[in-house]
Amino acid sequence: MRAVHLCAAAPADCSFANASYTSGVTAVLDHHADDTMKCPRCARPMQALFISMVCDFCDGLATDEPEYDRGWVVWRGRPMPADEYVFSSPEDADKWRAIQGLESCPIKEVLAPVKFRWRLSNGSVKGLQMADRPVTIYPDKRFPAAPNRAFLADEAA
């Protein structure tokens, strides 16, 4: 549909000027009168049926991938999103896993759109480089980017 602009303002001064649609039918847009689209046959107001919105990133169509920061987690298989300790190396994650008695849990790589803030642990296990606080782990990359949020790397493919 192609909209015909009936505004008295100059087209450069009107945000609705030269609106165009794809169906090829012409409709009348007199937005200063009642903000409605008019039927091309009878000039009565037309009713909008629906509006469709999509996210190209979540649908896999956009590739505006940020550089991800990497970390490693001892994955206990909790329902996601799950808060977990993230370590800067798989070796530090393995040390923590052994001390906690979680040898049956795999060490998985996580990716974060915002860089981790690393610190040395000072709790029951000292000297391991880990994120400054627990990180919320998501199943894939479809979450709002923020500090201390990451997703499982092997699940993202």
Residue separation times 0.36 nm, minus the C-alpha to C-alpha distance between Ser121 and Asp83: what's the value?
12.0 nm
Filtered GluC sites (Glu not before Pro), segment 43-131: DSSP coil and at most 11 other beta carbons within 10 Å
Glu67, Glu103
For segment 63-157, with the dipole built from +1 on Lys and Arg beta-carbon atoms and -1 on Asp and Glu ones, taken about the Cα centre, which of Ala146, Gly123, Pro134 lies farthest toward the positive end?
Gly123
Simple spin-label estimate for Leu61 and Ala145 in nanometres, 7 Å along Cα-Cβ:
2.1 nm
Run the reach check for Lys115 against lysines, Cα to Cα strictly under 25 Å, same-chain hits fewer than 8 apart removed. What comes back?
Lys95, Lys126, Lys141
Using modelled amide H (1.01 Å from N, peptide plane; none on Pro or chain starts), what sits under 5 Å from the amide H of Asn148, excluding residues fewer than 5 places away?
none
Just to check I understand the Karplus step: with θ = phi - 60° and J = 6.51 cos²θ - 1.76 cosθ + 1.60, what whole-Hz values come out for segment 144-150, glycine and proline as x?
x, 5, 6, x, 6, 10, 8
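Laboratory data are not the source of any read-out in this text; all were calculated from the coordinates shown. Quick caveat: nothing in here was measured; it's all calculated off a predicted structure. All Cβ positions, even for glycine, are placed from backbone atoms using ideal geometry, and neighbour counts span all protein chains on display.
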